[in-house]
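Okay, structure first, notes after.
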Amino acid sequence: MLVILHGWSDSYSSFRDLAKRLANPPPDGIAAEVADIHLGDYISLDDQVTFADLVAALDRAWDDRGLPRAPKSVDAIVHSTGGLVIRDWLRRFAPDCRPIHHLLMLAPANFGSPLAHTGRSVIGRAVKGWKGTRLFETGAQILKGLELASSYSWELAEQDLFSADAPLGDGSLLCTVLVGNSGYSGIAAVANKPGTDGTVRVSTANLQAARMLIDFSHQPDAAPRIDYQEAPAQGLAFAIVDGEDHGSITAKGRGTRESITWSLICGALMVPDTGFADWRERLAQHTLEVSRAASQRGGDHYNAYQNTVIRVLDDQGASATDYIIEFYFNDDKTRRDRRLTRLVQEEVISSVHVYSQAKHYRSLLINCDRLQALYERPGDRLYVSITACPELVDNKVGYRTYRDSDIGALMLDADQARDLFRPHRTLLMTLCLKRYQQADVFRFKAV
């Protein structure tokens, strides 16, 4: 049995051609593997609908349709926002039974989209709004979850990728992510951004994420405590499909642009449990070859990027919203070091987005190709530090981060930077600061 879920501002009807083609006999389809196909349809442009609403409605519709809940009884294809919907449903309503066996994600917005925070703009309301249930509605609550660096996508990853009973990555569910690397053509090209398929970033589609804690809350000028963890990858496979954009990869209308895309779609739905490790390695090699070829093209669209999501907390668990992350080379005092630091700011950090609903969450798009090129000498080191307000010197409470001696920094040589800033993935980075109080904030006096 196969279930197909669409994305934001789309509908089930867009995937009829895909379903019909999959029902064909091999090699054009997978008819022998599919007994029944169900096209999920949900409302995504109503401003009042939340992800929690969609997930609860999905669970009810699942039972209304009589879909099975036995382990590995259903395969699923999801596109764009559908990836978040199915992941949230697996976490909330199917943590034990896990009915999905093969999960194929086509250009999923697993860690957001750079278009989400513009979807509520004039263009978003004029173009997308007329398709909603009410005039000019764009699905405001859904777009908040789709925004880059959203707390929703972070918390979802914590629970379905990094928790002890995470439903993704442990091998019980076979998940394949396919994403294109080409932007739109024609007037739709206004949406194209570096490292995207026109709508989602290659790096935010990939589920093979990592998380990292950098704890600066110890003694001043001490090296920060670091805790690093990668999501288990036994059940996760990822590939970039050269030449596809956000729409073409779904094989809608005229089908995919590249012949290999369809073979990857069918392969993801037919791979046996015992063959998934080989499948994962095959896709990793495919992605490496695509990346090498793309790096020879002009412009920055095809560069390799990492989506680095940062949140800043203090040692009391409160959020710090007024801060700047500082990247600099060596001691940043010589002319050469200042030149390298400037290039980091101008060319390595390609964009920064502050999450509108919680400003201590930020997404930094790191150009991994350009960063490695800046390591010109064996002794070069990249430093990552933070300055935050309020500063204790001028306030009753605050942080000590302004002076060089106040706080340590993360120091990376070329190999360490290559390992931390990896192409085509998301890194969730938590920075922890110590919050201080002046002596007169609270004191006891003798009577």
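General remarks:
- Cβ-Cβ FRET estimate between residue 12 and residue 227, R0 fixed at 41 Å, reported to 0.05: 0.45
- Once the Cβ-Cβ distance of residue 155 and residue 73 is raised to the sixth power relative to R0 = 35 Å, the FRET efficiency obtained is 0.80.
- Cα-projected label distance for residue 445 with residue 296, points at 7 Å along beta-carbon direction, nm: 7.9
- Shape of the stretch 305-437, Cα gyration tensor, a/c cut at 1.5: oblate
- Amide N of the stretch 168-194 lying under 12 Å from the label point, which is placed 7 angstrom from the Cα of residue 278 along Cα→Cβ: none
- Computed from the C-alpha gyration tensor, the three semi-axes of the ellipsoid equivalent to the chain are 40, 25, 21 Å, from longest to shortest.
- Acute angle (nearest 10 degrees) that the helix 82-93 long axis makes with the longest principal axis of the chain, alpha-carbon atoms: 80
- Per-residue extension of 0.36 nm, minus the Cα-Cα distance of residue 65 and residue 270, leaves a gain of 71.4 nm for this segment.
- Sequence-separation-based contact order of the chain, relative, with Cα cut under 8 Å and 6+ spacing, percent: 15
- Magnitude of the charge dipole, the chain, Cβ model with Lys/Arg +1 and Asp/Glu -1, debye to 20: 840
- The stretch 327-401: C-alpha gyration tensor shape, a/c 1.5 cut-off, then a/b vs b/c: oblate
- Sequence-distant lysines (8 or more away, or on other chains) whose Cα lies within less than 21 Å of residue 434: 359, 396
- Accessible area per residue, Å², the chain with all protein chains present, probe 1.4 Å: 44
- The slack in the chain from residue 419 to residue 285, taken as 0.36 nm per residue of separation less the alpha-carbon distance, amounts to 46.5 nm.
- FRET efficiency, residue 337 to residue 436 (Cβ-Cβ, R0 35 Å, nearest 0.05): 0.70
- Crossing angle, helix 151-160 versus the chain [Cα axis fit, 0-90 degrees, rounded to tens]: 70
- When only the Cβ of Lys, Arg, Asp and Glu is charged (+1, +1, -1, -1), the dipole of the stretch 305-437 relative to its Cα centre reaches about 140 debye.
The values are calculated or read from the model by the stated rules, or taken from the named source; none is laboratory data. Please read all numbers here as calculations on a predicted model, not as lab measurements. No Cβ is skipped: glycine too gets one built from the backbone with ideal geometry, and neighbour counts run over all protein chains shown. Heavy atoms of the whole protein, side chains included, go into the accessibility calculation; ligands, DNA and RNA do not. Shrake-Rupley method; radii C 1.70, N 1.55, O 1.52, S 1.80 Å.
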